[in-house]
Amino acid sequence: MTDQAPPPVSIREYEERARGVLPRMASDYYAGGAEDERTIADNRAAFSRWVLRPRVLVDVAERDLTMVVLGTPVSLPVLVSPTALHALAHPDGEVETARGAAAAGTVMALSSLASRTLEDVAAVGGPRWFQLYVQRDRDFTAELVKRAEAAGYSAIVLTADLPVVGARDRDARNAFTIPSGMGYANLAVTRPPESQASDLATFIAFQGDPSLNWNDVEWLRSLTDLPFILKGVVTEEDAARAVDAGFEGIVVSNHGGRQLDGTIASLDALPEVVAAVDGRAEVLLDGGVRRGTDVLKALALGARAVMVGRPVLWGLAVGGAGGVRRVLDLIRRELDVAMALAGCRSIAEIGTKLIRRA
Ligand code: FNR
């Protein structure tokens with residue numbers, strides 16, 4: 001999927017362009033969230049509640065955006081969040097996304113709900129983490145983790161904020177179904193049985209395990225020596241508990257506003273999580289990151305790196321792997337300019353003095 005028009009100059013333009021090329025059902029599935037989508041809006045609005053305190057007369061002639069996150073070197077502190085069903089945006093699905101992320105030099109976190117196998121995606125060769133949804137079938141879950149390890153994924157991202165699927169009006173209105181020929185390539189049952197209601201909520205409920213709790217963490221950790229990252233934390237209580245349970249990383253996330261509407265914005269939750277973790281784990285953030293200045297603000301508030309979900313899907317829909325790469329390069333360029341203007345030469349120089357409440 002390529003288009004003749006000049007490439008978009010901002011993530012917002014990618015969003016508009018993607019809306020024009022995606023079928024309505026897919027566009028709404030990607031863009032939408034829970035109930036009144038207040039948390040989606042607030043994830044964005046939160047970035048305006050904080051302002052920057054740039055320093056001047058710093059020699060910023062040379063700048064370096066590279067860093068290491070959970071042991072994985074990346075070319076910028078922006079990673080790809082796990083999102084389901086990339087085949088809705090491109091025939092090669094997650095394989096194509098992985099090509100774009102690898103070209104941009106960053107980690108792609110592959111969703112458990114991917115439309116391509118984790119082995120196919122691994123064959124692209126880029127840095128990769130595997131996002132785990134624990135299945136009711138624990139033996140199958142263990143197998144999934146071992147497959148990811150064998151295929152060279154370097155961390156397991158346990159998503160904890162989806163015991164059930166959020167109430168998503170857009171998908172209900174569209175009677176969202178997975179198009180024929182497509183499915184969850186890594187799961188035991190890749191498509192809902194025809195006899196069942198084929199909506200997402202029913203299907204995930206069919207295999208996902210809402211009984212998952214802290215007591216299961218030890219078992220999960222026994223499956224592999226890979227680092228574990230807990231995704232979906234927005235409170236200091238859970239952050240402290242995650243560190244005690246041995247998680248090496250935490251993603252402050254409300255699932256891009258797709259789960260519990262009215263949840264605190266990711267950026268607003270970040271300071272309490274960073275304080276509770278107190279350097280004992282690496283803290284990442286996703287939700288509403290659309291600009292280089294957003295990345296700068298999250299890092300100034302103590303995130304080690306950020307992740308982006310929808311922008312990558314929009315890039316994929318508009319321009320395949322090239323679109324994914326351009327989306328990440330846009331953010332890179334914006335971050336580079338923002339760092340120069342703020343007086344930061346490296347990621348390590350982005351500190352808490354750079355930001356305050358508006
Ligand atoms: C998601 N997200 C998600 N998270 C996860 O852990 N596993 C998954 O399979 C999915 N699937 C998924 C599908 C779609 C279409 C979206 C938009 C999101 C949540 C995702 O990882 C991330 O938390 C948010 O997308 C971040 O917010 P932004 O960047 O989209 O605003």
* Calculate how large, on average over all directions, the projected area of the Cα convex hull of region 11-345 is; give the answer in nm² to one decimal. => 15.7 nm²
* Using label points projected 7 Å from each Cα along Cα→Cβ, tell me how many nm separate GLU149 and THR235, to one decimal. => 3.2 nm
* To do: Would you list, by chain and number, the lysines whose Cα falls below 23 Å from the Cα of LYS353, excluding same-chain residues fewer than 8 positions away?
  => LYS297
* Can you put THR66, THR141, THR235 in order of accessible area, largest first, using a 1.4 Å probe? -> THR66, THR235, THR141
* In nm, spacing of pseudo-spin labels at SER180 and GLU35 (7 Å Cα→C-beta vector) -> 3.8 nm
* Among rounded, prolate and oblate, which fits region 36-103 when a ≥ b ≥ c are the square roots of the eigenvalues of its C-alpha gyration tensor, a/c under 1.5 means rounded, and a/b larger than b/c means prolate? -> oblate
* Can you give the angle from 0 to 90° between the axis of helix 93-104 and the longest principal axis of the chain, with both taken from C-alpha atoms, to the nearest 10? -> 20 degrees
* Contact order normalised by residue count of region 11-345, Cα under 8 Å, 6+ apart, percent -> 26 percent
* **the chain, accessible surface, carbon-and-sulfur percent (1.4 angstrom probe)** => 51 percent
* To do: Could you name the lysines whose alpha carbon sits less than 28 Å from that of LYS146, not counting residues in the same chain fewer than 8 places away?
  => LYS231
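Test of understanding: given the chain, find the longest segment containing no GluC sites (Glu not before Pro) that are in a DSSP loop and have at most 13 other Cβ atoms within 10 Å.
Longest run free of exposed loop sites: 195-358.
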* Structure fact -> The ³J(HN,Hα) series, computed from each phi in region 223-229 with the Karplus coefficients 6.51, -1.76 and 1.60 at θ = phi - 60°, rounded to the nearest Hz and given as x for glycine or proline, is 6, 7, 8, 4, x, 10, 10
* **Accessible area per residue, Å², region 11-345 with all protein chains present, probe 1.4 Å** => 39 Å²
* Considering the chain as a Gaussian network with a 10 Å cut-off on Cα pairs, which listed residue, ARG24, ARG325, ARG191, attains the greatest mean-square fluctuation? -> ARG24
* Report ASP28's accessible area, 1.4 Å probe, all protein chains in place, as a number in Å² to the nearest 10. => 20 Å²
* Structure fact -> Within the set LEU316, LEU341, LEU79, GNM on the chain using Cα springs under 10 Å gives the largest fluctuation to LEU341
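The values are calculated or read from the model by the stated rules, or taken from the named source; none is laboratory data. Because the structure is predicted, anything quoted here is derived from the model rather than measured. Glycine also receives a Cβ, built like all others from the backbone with ideal geometry; neighbour counts cover every protein chain displayed. What goes into the accessible areas is simple: the full protein's heavy atoms, side chains included, and nothing from ligands, DNA or RNA. Shrake-Rupley method; radii C 1.70, N 1.55, O 1.52, S 1.80 Å.
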